[in-house]
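Engineer: Starting off with a structure, shown below.
The values are calculated or read from the model by the stated rules, or taken from the named source; none is laboratory data. These figures come from a predicted structure and were not determined experimentally. Positions of Cβ are backbone-derived with ideal geometry, glycine not excepted, and every protein chain shown enters the neighbour counts. Ligands, DNA and RNA are stripped out before the accessible areas are found, and what is left, the full protein with its side chains, is counted by its heavy atoms. Shrake-Rupley method; radii C 1.70, N 1.55, O 1.52, S 1.80 Å.
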Amino acid sequence: MSFSQLPAPLSAWLTTIAAALDARSAPRLLALLLGALFARGRRTVTSWFRAAGITDEFRPAYNALGAAGCRAEALAYRLLGCALRPLLRQVPGDHLLFAVDDTPTARYGPCVQGAGMHHNPSPGPAGEKFVYGHVWVTLAWVVRHPLWATLSLPLRALLYVRAKDVPRLAQEYPWEFRTKLELAVALVRWLTVWLGHTGKALWLVADGAYAKRPFLKPLLALGVVVFSRLRKDANLRTLPPTQRRRGRRGPLPTYGKEKIDLAKRAGHKRGWQQVECVQYGKPVTKTVKTFEATWQPVGGRIRVVIVREDDGWLAYFCTDPAVPVAAILEALADRGAIEQMFKDLKEVWGAGQQQVRNLYASIGAFAVNLTLYTVVEAWAWSRAEQGLVDRSRSPWDTEDRRPSHADKRKALQREILREEIRAAVGGQAEWQGFHEVAIRLLNLAG
């Protein structure tokens, strides 16, 4: 596949990202990226090879994939610097919102390094409680597009290996056990190093499973504002006194003496208020009750928001009490974008289908999927919907919806193939008959 006919931004981004490897492996990683972009069917690494035209050089290509796994942090840094930095500068406001969560990718075979039995968050019709495969703790940038509501662009992922599986893995690699909370903290610490100079506050939204002391305390020390769900039986305390009693010495207490019962607060009829916010792309009015409290996992004050729903109530918190309630509700609703991102990674890019057993080859394959996902979203950011979705062949499809990630990937494929055809046939590409045949082939391929 000719690399000279790629769109200029895409060519610059992929070249910069592939340059994270040495001079011998960088061209092979570049070919793998293009192969993954055009792969069809089951997205194994061999399907990447076929799409990229890799034949006799398949063994060095496997080595390049393993090298990408070893240099996954460098790939993420270059992705952040070349493809996302211009978009980060365009975002209005005084903060940037990120999300962290984990997702499993099912694998098959007992010899897959780093794989194990994990809890299955989406059991499906069969109701499988556990899944065998890898678990990836992933950091993503959550941003509201001017036209397409909230998007989630993945930045970097770390592989979680269970403690019981580490000794076998440590026989071949210098691998140490780290919990999901520790991996998430490592991702956010890496993010603060590269984005601390932007002058904007870093907001992080996470699932309630991450609302624990080992995760919250390090992030607060980094100056990150955290949003998450609050357990209904959380051990909340009232605010401490602001003045010392006469004759008392020492520092003022950090926590109040009275315990706050969230169920009683939610069941009380007084104190409710209406708050307008934007959730899932639509303006809504929520019935909430908010107050400040102290909580030991945070080590101080938090803003608590109780939301009344049709089927009950939910409690959320923010580590910065000064953040408005509407902003808290919007940030927590925007967290759903990372779940859609995981779905697209598995369905559109086939994350977990690569059929490689080596540890760093698996890490490299997942890094390739993350990279291409973000690159496609960055390429389509400023393009009109008409250039990304063509429903002229489906006049019955009149529902108004934003372009899906699959639509954007297909649009990029069509543009690259169109330029390849024009470069190959020259002026004949504008001949009407050839033009119609080329369009039909593009629609079949893309």
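Engineer: Under a GNM of the chain (C-alpha, springs under 10 Å), which listed residue has the highest mean-square fluctuation: 24, 244, 308?
Structural biologist: Between 24, 244, 308, it is 244 that shows the largest mean-square fluctuation.
Engineer: What residues have an amide H closer than 5 Å to that of residue 226, excluding those fewer than 5 places away on the same chain, when H is modeled at 1.01 Å from N in the peptide plane?
Structural biologist: 204, 319, 320
Engineer: Quick check on the chain: helices-only [θ] at 222 nm, where DSSP H runs of length 4 and up contribute -39,500 (n - 2.57) each and the sum goes over total residues. Nearest 500, please.
Structural biologist: -12000 deg cm²/dmol
Engineer: Still on this structure: Accessible area per residue of the chain at 1.4 Å probe, in Å²? Walk me through the numbers on the way to the answer.
Structural biologist: Working: 22620 Å² over 446 residues.
Here the per-residue accessible area is 51 Å².
Engineer: What are the ³J(HN,Hα) values, in whole Hz, obtained from phi via the Karplus relation 6.51 cos²θ - 1.76 cosθ + 1.60 with θ = phi - 60°, for each residue of the range 369-385 in sequence order, with x given for Gly and Pro?
Structural biologist: 5, 4, 4, 5, 4, 5, 4, 5, 5, 5, 5, 8, 4, 9, 8, 6, 4
Engineer: Work out from phi, with θ = phi - 60° and the Karplus expression 6.51 cos²θ - 1.76 cosθ + 1.60, the ³J(HN,Hα) of each residue of the range 299-309, listed in order in whole Hz, and give x for Gly and Pro.
Structural biologist: x, x, 7, 9, 9, 9, 10, 9, 10, 8, 10
Engineer: Okay, next question. For the chain, set up a GNM with springs between Cα atoms under 10 Å and report which of 157, 406, 83 has the largest fluctuation.
Structural biologist: Comparing 157, 406, 83 in a Gaussian network model of the chain, the most mobile one is 406.
Engineer: While we're on this one: Per-residue HN-Hα couplings for the range 208-220, Karplus 6.51 cos²θ - 1.76 cosθ + 1.60 at θ = phi - 60°, whole Hz, x for Gly and Pro?
Structural biologist: Going residue by residue, I get x, 5, 9, 7, 9, 4, x, 9, 6, 4, x, 5, 5 Hz, with x marking Gly and Pro.
Engineer: Still on this structure, I have one more. Out of the DSSP beta bridges found with both residues in the chain, what percent are antiparallel (nearest 5)?
Structural biologist: Working: 55 of 64 bridges.
If I count the DSSP bridges inside the chain, around 85 percent turn out antiparallel.
Engineer: Once fully extended, how much extra length lies between residue 128 and residue 173, figured as 0.36 nm per residue of separation less the alpha-carbon to alpha-carbon distance?
Structural biologist: Computed gain between residue 128 and residue 173 is 13.1 nm.
Engineer: Report the extension gain between residue 23 and residue 44 in nm, rounded to one decimal, defined as 0.36 nm multiplied by the number of residues separating them, less their alpha carbon distance.
Structural biologist: Using 0.36 nm per residue and subtracting the Cα-Cα distance, I get 5.0 nm.
Engineer: Hey, another quick one. Pop out the carbon and sulfur fraction of the accessible area of the chain as a percent, whole number, probe 1.4 Å.
Structural biologist: Heavy-atom surface of the chain belonging to carbon and sulfur, 1.4 Å probe: 51 percent.
Engineer: Let me ask something additional. Tell me the label-point distance for the pair residue 201, residue 95, using the 7 Å Cα-to-Cβ offset, in nm and rounded to one decimal.
Structural biologist: 0.5
Engineer: Follow-up. Can you list the residues, at least 5 places off or on another chain, whose amide H is less than 5 Å from the amide H of residue 353, using H built in the peptide plane?
Structural biologist: none
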